[in-house]
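First up is the structure itself, then whatever we jot down about it.
The values are calculated or read from the model by the stated rules, or taken from the named source; none is laboratory data. Quick caveat: nothing in here was measured; it's all calculated off a predicted structure. Glycine also receives a Cβ, built like all others from the backbone with ideal geometry; neighbour counts cover every protein chain displayed. All accessible areas refer to the heavy atoms of the entire protein, side chains included, with ligands and DNA or RNA removed. Shrake-Rupley method; radii C 1.70, N 1.55, O 1.52, S 1.80 Å.
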Amino acid sequence: MLEIHQLGVSYGAHRALEGVNLFLAPGEVVAVLGANGAGKSSLLKALLGLVPARGQVFLDGEEVTPLILQGRTEALAARGLALVPERGGVFRNLSLRENLLLGSYRGGDPPWEEILALFPHLEKRMPQRVGSMSGGEQRMVALARALAQRPRYLLLDEPTLGLAPILARKILETLPAFTAKGVGVLLVEQNAGLALGVAQRAYLLEQGHLVREGTPEALLRDPSVRQAYLGG
Ligand SMILES: Nc1ncnc2c1ncn2[C@@H]1O[C@H](COP(=O)(O)OP(=O)(O)OP(=O)(O)O)[C@@H](O)[C@H]1O
Ligand SMILES: [Mg+2]
């Protein structure tokens, strides 16, 4: 279980996140919805110690707050957290194969079969320099690289951004293959309809505060959610 208590993030005087309580169980897909600037990326970055944070975080019962406060991203990754950031998340000057091998540098091979089942057309791209790939392909590589880490908790920051709708749906529909093995997925998505289609629970973030939490069905029924995220 990933447990987050009273998480806050400030950039100077600006409080981007305040008093956030959230949990993610193994095997769950949990969506975080929110408008631009609501603090979604700040939440994910805070969990890897990438931004100034406060609060408490436990990973499978072990407190990892000190690692977060000290910005020890590497140690947090070693404990099973993997982030697909909003942009980047790939080594542009390395080949696809090298990106995947680096993703799994802590030991073992990348789960080649699972990754290629997810992105079959990447197979031929293994020797290609990732910086020369299209934007959508680079998003796939970022996700594949995170999967190569064999994470226990996968934090996805708009993983389908810039992808064709059919591929975006395909990617999200493949998440159950990983959650079936006990991976917990925290999914930040612009596309609320898609995200609520794959999530078991969802949170709504507004101006740094979690204002709602519930099943996708409950959120889809909520008029304010429909208005703000699903075009009424
Ligand atoms: N490094 C930073 N320095 C100053 N302010 C920042 C920084 N990073 C984010 N912010 C501010 O914090 C707030 C939350 O940003 P964040 O990136 O977490 O939002 P978001 O919900 O991910 O938005 P989007 O949907 O546009 O990606 C925004 O107002 C943003 O301008
Ligand atoms: Mg963001």
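Miscellaneous remarks
- The chain, dipole about Cα centre (Lys/Arg Cβ +1, Asp/Glu Cβ -1), debye to the nearest 20: 500
- Between residue 222 and residue 58, residue separation times 0.36 nm minus the direct Cα-Cα distance comes to 56.0 nm.
- Using the Cβ of residue 179 as centre and a radius below 13 Å, the other residues enclosed give a net charge of 0, where K and R count +1 and D and E count -1.
- Binned Cα-Cα distance frequencies in the stretch 16-56 - 10 Å width, integer %: 24, 57, 19
- For the chain, excluding the exposed loop sites themselves (trypsin sites (Lys or Arg not before Pro), DSSP loop, at most 13 other Cβ atoms within 10 Å), the longest remaining stretch covers 1-91.
- Rounded percent of accessible protein surface that carbon and sulfur make up, the stretch 104-200, 1.4 Å probe: 56
- Ignoring aspartates and glutamates fewer than eight residues from residue 170 along the same chain, the ones with Cα atoms less than 19 angstrom from its Cα are 28, 86, 113, 114, 123, 137, 157, 158, 189.
- The chain, helix-only ellipticity at 222 nm - DSSP H runs n ≥ 4, -39,500 (n - 2.57), divided by all residues, nearest 500: -10000 deg cm²/dmol
- The mean of 1/r over all distinct Cα pairs in the stretch 129-179, once inverted, gives the Kirkwood hydrodynamic radius of 11.6 Å.
- Principal axis dimensions, largest first and in whole angstrom, of the chain by Cα: 46, 41, 33
- Listed residue (219, 146, 208) projecting farthest to the positive dipole end of the stretch 109-231, Cβ model: 146
- Per residue, the stretch 40-167 exposes an accessible area of 45 Å² to a 1.4 Å probe, with every protein chain left in place.
- Using every pair of distinct Cα positions in the stretch 109-232, the Kirkwood expression returns a hydrodynamic radius of 15.7 angstrom.
- Most mobile of 127, 159, 216 in a GNM of the chain (Cα contacts under 10 Å): 127
- Model label sites at residue 25 and residue 93, defined 7 Å from Cα along the beta-carbon direction, differ in position by 4.6 nm.
- With Cα atoms defining each centre, the stretch 205-232 and the stretch 1-34 are spaced 16 Å apart in the structure.
- Segment residue 121..residue 1, full-extension length gain: 39.8 nm, with 0.36 nm per residue of separation and the alpha-carbon distance subtracted.
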